[in-house]
Amino acid sequence: MKYVIVGTGARHEMFRSALTETYAHSNELAGLCDTNAGRLALSAGRIERQGGNGVATYLAGEFQQMLREQRPDRVIVTVPDYLHHDYIVAAMRAGCDVVTEKPMTTDLGRLKAILDAQAETGRSISVTFNYRYTPARTQLKDILLSGAIGEITAVDFRWHLDRVHGADYFRRWHRYKDKSGGLLVHKATHHFDLLNWWIGSTPAEVNAFGRRTFYTPEMADRLGLSAHSERCLTCPLAAKCDFAMDLRDDEGLRELYLENEDSDHYYRDRCVFAGDITIEDTMQVGVRYANQVSLNYTLCAYSPWEGLEVKFHGTGGELTHRHVEVHGVFGGKRQKPAGEGMTTVLHQAGKPPAELEVWHGEGDHGGADPVMLSYLFDAEKTGPDPYNRQSTHVDGAWSILTGIAANHSMAAGKAVSVDDLLNANGIHLPRP
Ligand SMILES: NC(=O)c1ccc[n+]([C@@H]2O[C@H](COP(=O)([O-])OP(=O)(O)OC[C@H]3O[C@@H](n4cnc5c(N)ncnc54)[C@H](O)[C@@H]3O)[C@@H](O)[C@H]2O)c1
């Protein structure tokens, strides 16, 4: 299978090394594309085993030329979220299949463009929902499928982003709603996809509340940081700010961003307390699913720990999972919990609660990324997936519709019907 990648920032590195190292025996990376010549050159130079003349590089304006010259089977899209649709549509219209990072896109207009192009071309889109592949979360699917808690009736789901990871969404393009869809699309697409997959349904009605209350100019004042600069590199208060990021300290960030910022002014270390941020940091969403399951969801971007808590209520009992990825975050300092920090408790009605042995894996995102990559790049050898984890454009669309509907609900101050939103935008989407 022949691939090209568009967007050579932080995330593309996983795909590049999978194609040129782990799965090089059955795949070829033929081209790389980006607006930033420095990041392109850095990526091309990192490829260890290059055949022939190496991997061709193209600036963004040469994307069509790359497709004509390299004739890839699949295009991998790892540009910022608000640009996904442009490349997904162009790749499919040129006869290629697409592998795209999440979220598939950020709003209804862009979603319609993708779905229309997919229907016209018949090409396939895979959305890389690595969270489905985390062994502990696959185990929850396994337990729910077994019927151990009977019919699922309601779910409580809370995701905590700590003050290192959470703050990072307030530094660059993610912090603008028109570029990322806000955290209910950009981040929660993972969570709402997990919920669609676990529950086996899709969102029907959404009611949301959200505001920015922590990463604000007022908080900077309270912390004595009123005189902060636009970015940490030039900030006179960096030494006393728990949220300061020094791009010079981290080799990866320095090479990827600091050394390439002259051409595009992409500053990776903008102040998290800036006044022009347009996304929320505190969000709560209520969802009624098409199969009548109801959900309470919370996302907080400044927690003193990072991880998730989920409880499934069922006609036959409860299933509860807690994963503490990091705890003890004071300002910017993190501490890993001892052991894996994961517990799963099955409490069937009439029986005592049972703490189950949690499934584990090795590798990034709790062991998720290597499993996902083997299905993506070595499907024949990996075999069929009993948990049906590979995601199409239909899964990608449903995973963002909860967050998009939540954005509409927050703007309108009332609950919104997902079918009404789809109909108003001429979008026809099957409910799986
Ligand atoms: N699944 C996950 O766990 C996960 C983790 C991180 C990021 N992501 C996703 O991966 C994508 C990329 O994130 P990132 O952190 O690598 O971002 P990034 O900003 O580090 O990289 C984006 C790259 O796209 C390039 N770019 C910008 N505009 C372009 C254009 N018009 N044409 C071509 N290239 C352009 C930039 O120069 C940059 O090199 C995002 O969609 C993000 O949501 C997913």
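What pairs from 187/311; 333/414; 2/336; 179/381; 351/414; 112/414 go past 29 Å between their alpha carbons?
Numbers: 187/311 20 Å; 333/414 39 Å; 2/336 39 Å; 179/381 38 Å; 351/414 41 Å; 112/414 24 Å.
Going by Cα-Cα distance, 333/414; 2/336; 179/381; 351/414 fall outside the 29 Å limit.
Return the tail of the calculated pair distribution for the stretch 80-237, meaning the percent of Cα-Cα pairs more than 21 Å apart.
More than 21 Å apart: 60 percent of the Cα pairs in the stretch 80-237.
If eta is 1.567 mPa s and T is 4 °C, what Stokes-Einstein diffusion coefficient results for the stretch 217-264, Kirkwood Rh from Cα pairs, in µm²/s?
109 µm²/s
Could you work out [θ]222 nm for the chain from helices alone, using -39500 (n - 2.57) per DSSP H run of at least four and dividing by all its residues? Round to the nearest 500 deg cm²/dmol.
Mean residue ellipticity at 222 nm (helix-derived): -9000 deg cm²/dmol.
Please label the shape of the stretch 116-196 as rounded, prolate or oblate, based on the square roots a ≥ b ≥ c of the eigenvalues of the alpha-carbon gyration tensor (a/c under 1.5 means rounded; beyond that, a/b larger than b/c means prolate, else oblate).
oblate
If you average the alpha carbon positions of the stretch 239-316 and of the stretch 29-81, how far apart do those two centres end up, in angstrom?
Here the answer is 28 Å between Cα centres.
Once the other residues with Cβ under 11 Å from the Cβ of residue 398 are scored (Lys, Arg +1; Asp, Glu -1), what is the net sum?
On the way: positive: 431; negative: 193, 395.
Summing Lys/Arg as +1 and Asp/Glu as -1 gives -1.
What's the carbon and sulfur percent of the stretch 222-286's accessible surface, probe 1.4 angstrom, rounded to a whole number?
C and S fraction of accessible area: 47 percent.
Mind ranking 366-372, 246-252, 205-211 by how tightly packed they are, going by the mean number of other C-beta atoms within 10 angstrom, highest first? The partial results should precede the final answer.
Values: 366-372: 20.9, 246-252: 12.0, 205-211: 19.0.
Result, highest mean Cβ count within 10 Å first: 366-372, 205-211, 246-252.
What whole-number value in Å² describes the accessible area per residue of the chain for a 1.4 Å probe?
Heavy-atom accessible area per residue stands at 42 Å².
Rounded to a whole number, what % of the accessible area of the stretch 128-180 do carbon and sulfur atoms account for, probe 1.4 Å? Don't skip to the end; give the middle numbers.
Details: 740 of 1530 Å².
That fraction is 48 percent.
Report the net charge of residues surrounding residue 74, where surrounding means a beta-carbon distance below 13 angstrom and charges are Lys +1, Arg +1, Asp -1, Glu -1. Kindly include the intermediate steps, with their values, before the conclusion.
Values: positive: 2, 71, 123; negative: 28, 73, 97.
Surrounding charge for residue 74 is 0.
Using only the Cα atoms of the stretch 1-107, build the gyration tensor, take square roots of its eigenvalues as a ≥ b ≥ c, and label the shape rounded, prolate or oblate: rounded if a/c is under 1.5, else prolate if a/b is larger than b/c, else oblate.
rounded
What length, rounded to one decimal in nm, is gained on full extension from residue 153 through to residue 113, with 0.36 nm per residue of separation minus their alpha-carbon distance?
Length gained between residue 153 and residue 113: 10.9 nm.
Rounded to the nearest Å, what's the spacing between the alpha carbon centres of the stretch 357-432 and the stretch 131-158? Just the number, please.
15 Å
Using the Cβ atoms and a cut-off under 12 Å, what net charge is assigned to the surroundings of residue 173, where Lys and Arg are +1 and Asp and Glu are -1?
Numbers: positive: 171, 172, 175, 177, 179, 268, 270; negative: 81, 168, 178, 264.
Computed value for this residue: +3.
May I ask you to compute the full-extension gain from residue 250 to residue 120, defined as 0.36 nm times their residue separation minus their alpha-carbon distance, rounded to one decimal in nm? Could you put the intermediate results ahead of the total?
Numbers: separation 130, 0.36 × 130 = 46.80 nm, distance 4.52 nm.
Separation in residues times 0.36 nm, less the Cα-Cα distance, equals 42.3 nm.
Just the number, please: carbon plus sulfur as a percent of the accessible area of the stretch 335-432, 1.4 Å probe, no ligands or DNA/RNA counted.
The computed percentage sits at 52.
Tabulate in residue order the Karplus-calculated ³J(HN,Hα) for the stretch 79-87, using 6.51 cos²θ - 1.76 cosθ + 1.60 with θ = phi - 60°, rounded to whole Hz; enter x for Gly and Pro.
8, x, 3, 6, 9, 3, 4, 4, 7
Would you mind getting the Kirkwood hydrodynamic radius of the stretch 259-386 from its Cα pairs, rounded to one decimal in Å?
19.2 Å
Test of understanding: what is the full-extension gain from residue 69 to residue 292, defined as 0.36 nm times their sequence separation minus their Cα-Cα distance?
75.3 nm
Working from the alpha-carbon coordinates of the chain, get Rg over Rh, Rh being the Kirkwood radius. Could the numbers behind the result be given before it?
Values: Rg = 21.8 Å, Rh = 22.7 Å.
Looking at the chain, the ratio lands at 0.96.
The values are calculated or read from the model by the stated rules, or taken from the named source; none is laboratory data. The structure displayed is predicted, hence computed values, not measured ones. Virtual Cβ from ideal backbone geometry, glycine too; neighbours counted across all protein chains shown. Remember, those area values only see protein heavy atoms, side chains included, never the ligands or the DNA or RNA. Shrake-Rupley method; radii C 1.70, N 1.55, O 1.52, S 1.80 Å.
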